[in-house]
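Have a look at the structure below before the remarks.
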Amino acid sequence: MASTRPEVRTRAGRVRGSWRGVPGAPRSTAVFLGIPYAEPPTGDLRFAPPVPHPRWHGVREATAYGPTPQRGDAGITLIPEPSVPGDATLSVNVFTPAPDDTARLPVLVYVHGGGYTSGSPASPWYDGAAFARDGVVTVTLSYRLGFDGFGWVDGAASNRGVRDWILALEWVQQNVARFGGDPDQVTIAGQSAGGGAVLTLLGMPAAQHLFRAAWCQSGALADVPEDRARQVARRLAGAAGVDPTLDGFRSVPEARALALQKEAARPPGGPLTLAVDELSNGTSLGPVVDGDLIPRPTIASLRAGVGGDKPLVLGTADDEFSMVLDGVRRGLRWVPPGLALTLLRVPRTRRRAYLEANAALRAQGTARLLGRYVTDMVFRREVVQVARARDTAAPTAPTWIYRFAWTSPTHGIALHCLDVPFFFDVLDAPGVERIAGDRPPQRLADEVHGAAAAFVRTLDPGWTSWTDAPGTARVWDTTGPGEQADAYAGAEPLVRSRPVPADGASAGADVSAADAPRAPRRAARPGP
């Protein structure tokens, strides 16, 4: 019996996976890889909404990751995310302890990051075996990236990558019970751009029926305004020598579009102009506020109450992007922190408040302070914005926040992606030693992964919620307090930077005066 490979009948046909361990044993996991949820997005389906995959005959082998939208050698990245060649790039992977339609286990659906232009679900860091061990079915998914996934194309569907997320979640609703999951107990999670995907879906009226809770790691919201998306399209079309239309872009080979998209997404100007633009406006390739699928910016949508019935956990590592300044750290010793922020066009009042709120970091030098400023602008202030937006909407479900503060022994900071192997409890996976050292603390993985698994199962990660005590966060480290009352105080001066108009039309907008701190208020806690 131990040699029997697991088989499951999906709506499109049977798939045959593989076992890790002895079937039925406490730590065994059935793994199904590369199950297509949509037809290959090529030919006439390029720049089209995803089309559900048709039925197949016989049994489909599901023992290898499917082709990935990420192409070529990604080089050395913080998370090892290999590319897999091929056209059938829209697929899911399932890790389950019980491929049995009577199990009805809670489900985690994970969206990988990569700045909306790269990344791959084939990473060994996204292995769901530890969640399976803890009674959770895990699904990871692929989606179209870069211009093919998110670029504005006149005459084509907008937000194709977002539509991929939705179709994959619909696949989960229709099929996960056959893998032992419960479609009524789906939690979505993701990191970086994947965390942005989680928040985007949380704020989308069209996605509310597809999940019951959300966990956002280092979320990077895009909320690209339509006019900004159109500018990128015109620049890419000009570089390719085609019209910025569906026919024009379809005539550009995928490899050519990939080669041109990075430059097309950069606004004109030098490095300083680029830095200011990206810190102020975010990425140019990502989910677009199209007035249709994404009717308004995510923060405005959350403030209006969308997703307020869904429990949410979100947080960041302390120094997500501080390493971007490693090459200029020595030179920055001679630049006063205030002058550096002035060059980045931080308004005087906000600059003074930020320096005061981060006095301890300021004492560690300009590079350290600027690294935190970049992290705060891209990631940490978003935690406060989201939590306050939900608080303003008087949600029926709580919000919890956290800080991942453990310092990498190889980088000296709590950098971007460092928390991912702790979340999945894969400290022995390839590449972890580069970012977490030779002996990352298993006890910390037990805590982080344990909280995530508990949240998926019970809708409570196990610490005081923001909803009950605004500002309170779980701090993950091997030393120090378990909870902190003012966990994101250093990012506070950056929160009220771009007020949202009454119509919520300004994509990427942050918060308004309505998001001022509120008195603690208890929200009803949903049951498991």
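Of note:
- Across segment 289-405, C-alpha contacts under 8 Å between residues 6 or more apart give a mean separation that, scaled by the residue count, equals a relative contact order of 50 percent.
- Remark on residue 92: its backbone amide H falls under 5 Å from those of 34, 35, 37, a criterion applied only to residues 5 or more positions apart or on other chains, H modelled at 1.01 Å from N.
- Theoretical FRET efficiency, 1/(1+(r/R0)^6), r = Cβ-Cβ of residue 42 and residue 393, R0 35 Å, to 0.05: 0.25
- Size descriptors for segment 125-203, from the alpha-carbon set: Rg then Dmax equal 14.2, 47 Å.
- With coordinates expressed along the principal axes, the C-alpha atoms belonging to segment 1-82 extend over 45, 38, 16 Å, beginning with the largest.
- Whole-number percent relative contact order across segment 171-226, with pairs defined as alpha carbons under 8 Å at least 6 apart: 38 percent
- Under the simplified labelling scheme, the residue 247-residue 234 pair shows an inter-label distance of 2.1 nm, with each label point 7 Å from Cα along Cα→Cβ.
- Cα convex hull, segment 97-232: 102 Å³ per residue, rounded to a whole number.
- For residue 351, neighbours were defined as the other residues whose beta-carbon sits under 12 Å from its Cβ, and their charges (Lys and Arg +1, Asp and Glu -1) total +4.
- Here segment 1-157 yields Rg over Rh of 0.99, to two decimals, using C-alpha coordinates and the Kirkwood radius.
- Cβ-defined net charge surrounding residue 185, 11 Å radius [Lys, Arg +1; Asp, Glu -1]: +1
- Point-to-point label distance, residue 154-residue 11, nm (Cα→Cβ direction, 7 Å offset): 3.6 nm
- Peptides 153-162, 69-78, ordered by how many other C-beta atoms sit within 10 Å of their residues on average, highest first, read 153-162, 69-78.
- According to the Cα-based calculation, Rg over Rh for the chain is 0.95, with Rh computed by the Kirkwood formula.
- Ordering of 283-289, 371-377, 464-470 by burial proxy (mean other Cβ atoms within 10 Å per residue, highest first): 283-289, 371-377, 464-470
- Each Cα pair under 8 Å and six or more residues apart adds its separation to the average, and for segment 40-95 the resulting relative contact order is 39 percent.
- The alpha carbon centroids of segment 313-373 and segment 134-175 are separated by 36 Å.
- Close amide H partners of residue 182, meaning residues 5 or more places away or on another chain with modelled amide H under 5 Å apart, are 105, 107.
- Charge tally in the Cβ shell below 11 Å around residue 457, where Lys, Arg are +1 and Asp, Glu are -1, residue 457 excluded: -3
Throughout, read-outs are computed from the coordinates displayed, never taken from laboratory work. None of the values given here were measured: they were computed from a predicted structure. Using ideal geometry, Cβ is built from the backbone for each residue, glycine included, and neighbour counts are taken over all protein chains shown.
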